[in-house]
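Below is one structure, written out as structure tokens; the observations come after it.
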Amino acid sequence: MATVAQVAPSSTGSRFKTVLWIFLGLTALFVFITSEVLLITDYPMYHAYRLQVIADRHLLIPHSLCGVIALLAGPLQFSSRLRQRHLGFHRVLGRLYVIAVFIGAFTGIALAAGRPGLPGTTMQAAAWIVCTTAAFITARNRQITQHRQWMARSYAVTFTFVSSRVLNLWPRYWSHLGDAFAAVGVIAFTLASLLIVDLGLNWRELTTRRA
Ligand code: HEM
């Protein structure tokens, strides 16, 4: 049976991958500037949150470092060319990704502890750990198709850091996010990201009728 891993990527497929990564990269850059840079420069709308971030710095530093490692590892790990030419590097970076996700998830839960956002963050962290662990186990079992699928789901959860901040500059989105809405929002972003990835993974089956 032909698997996704065994089929040579078509030029349409690799063009789609390139466009997707450019889009994700530009979105991440936009969020970095409009959320993180403005947070550092004390943008008035973010002032109260900035004080909270400073108070949480001991957890936030390892959390952010691990999150950035996971975020940057994605494009390298999904590159077919890099994987084919440097399998050893792919394995080392893959292990680093797993460690980064575990530390990122547990520090994320610790950051939310005692706050109304805890249920949402716990669900997000659980999805992150489950998808990443499944990706690691399927890689160890040499189930490459399933490994790639679980990695796509894992990275979708990683990317919720970006997608959930795209609207931050919009005051109604930022200031009207009450506690309950913020918790539901995190769950909604996680679920939507996983569904989008799964629709993408099943695109061929969804759009092609068997003869
Ligand atoms: C790419 C992955 C991630 C990166 C780079 C990252 C980085 C950061 C940074 C820089 C902050 C503080 C500034 C800000 O809110 O913008 C933060 C806050 C936080 N992150 Fe993450 N994060 C990532 C993923 C996650 C995930 C998957 C979770 C869930 C387990 C999580 C949970 C949290 C929590 C609870 C806070 C504090 C939010 C608050 O106090 O309202 N993060 N993260």
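Considering segment 144-170 alone, what residues qualify as being in a loop (DSSP other than H, G, I, E, B) and under 14 Å from the mean Cα position of the chain (by Cα)?
Of everything in segment 144-170, those that are in a loop (DSSP other than H, G, I, E, B) and under 14 Å from the mean Cα position of the chain (by Cα) turn out to be 164, 165, 166.
Report every pair of residues separated by at least 6 positions or lying on different chains whose Cβ atoms are under 8 Å apart, first residue within segment 15-28 and closer than 21 Å to residue 165 by Cα, second of a type in the set (Ser, Thr, Tyr).
Here the result reads 27/163, each pair linking segment 15-28 to a residue that is of a type in the set (Ser, Thr, Tyr).
Take residue 106 and decide whether it is over 21 Å from residue 200 (Cα atoms), free of Cβ contacts under 8 Å to residues at least 60 places away in the same chain, among the aromatic types (Phe, Trp, Tyr) and more than 10 Å from the ligand (Cβ to nearest atom).
Taking the combined requirement at face value, the residue does not satisfy it.
Within segment 115-143, track down each residue that is part of a loop (DSSP other than H, G, I, E, B) and within 9 Å of residue 105 (Cβ to Cβ).
none
Taking the criterion of being surrounded by 14 or more Cβ atoms within 10 Å (Cβ to Cβ), touching a Phe, Trp or Tyr at 6+ places or on another chain (Cβ under 7 Å), part of a helix (DSSP H, G or I) and aliphatic (A, V, I, L, M), would at least one residue in segment 49-64 satisfy it?
No.
Does segment 141-153 include one or more residues that are surrounded by 15 or more Cβ atoms within 10 Å (Cβ to Cβ) and within 11 Å of the ligand (Cβ to nearest atom)?
Scanning segment 141-153, I find no residue that is surrounded by 15 or more Cβ atoms within 10 Å (Cβ to Cβ) and within 11 Å of the ligand (Cβ to nearest atom), so the answer is no.
Which members of segment 114-134 meet the condition of being within 15 Å of the ligand (Cβ to nearest atom), of a type outside the set (S, T, N, Q) and modelled with pLDDT of 95 or more? Before you say what the answer is, go through the steps one by one.
Within segment 114-134, the subset within 15 Å of the ligand (Cβ to nearest atom) is 114-133.
With of a type outside the set (S, T, N, Q) added as a condition, the list becomes 114-120, 123, 125-131.
Within segment 114-134, 123, 125, 126, 127, 128, 129, 130, 131 meet the criteria.
Cβ-Cβ under 6 Å, sequence separation 6+ or interchain: first residue in segment 192-211 and under 21 Å from residue 123 (Cβ atoms), partner surrounded by 10 or more Cβ atoms within 10 Å (Cβ to Cβ). Which pairs?
Hits for this filter: 193/156; 193/160; 194/153; 194/156; 197/152; 197/153; 197/156.
The values are calculated or read from the model by the stated rules, or taken from the named source; none is laboratory data. Only a predicted model underlies this, so the values are computations on that prediction, with no experimental measurement involved. In this analysis, Cβ positions are derived from the backbone assuming ideal geometry, glycine residues included, and neighbour counts consider all displayed protein chains.
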